[in-house]
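Below: the structure, in structure tokens.
Please treat every number below as a calculation from the coordinates, not as lab data. It should be emphasised that the depicted structure is a prediction, and the values quoted were computed from it without experimental measurement. Cβ placement follows ideal geometry from the backbone for every residue including glycine, while neighbour counts extend to all protein chains displayed.
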């Protein structure tokens, strides 16, 4: 993360850091239409597994879903895959105030997030939620 005190990147939820959350906690990002808000949600996954294996793919534990963060889409100026990352799963999101954050997802997840956030304001197509 690169952000001064009070800048947008510093407002991202700590739950995005896998080392600081339960290994069963999943996060999702969505760009909601028609309000143009970017939202980050979390929930506990019901799939059996371990922190050392791929996780996700189960259902949501009832009552575990929580809205963690909201930002107008217009405050995001771009997103890009970091080519140096293993299987191109790292990506960077840049904000209008000059702050930015590097995050990791699955390769497919990173590509979908960059497609949603990397291209200026969405036109008329509704954006899908991302796992």
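Among the residues of segment 76-101, the ones that are in contact with a strand residue (DSSP E or B) (Cβ under 6 Å, 6 or more places away or on another chain) and over 16 Å from residue 1 (Cα atoms) come to 2 in all.
Listed by first and then second residue, the pairs with beta-carbon distance under 8 Å, at least 6 apart or on different chains, first residue in segment 64-79 and without any contact (Cβ under 8 Å) to a residue 40 or more places away in the chain, second assigned to a helix (DSSP H, G or I), are 79/113; 79/114; 79/116; 79/117.
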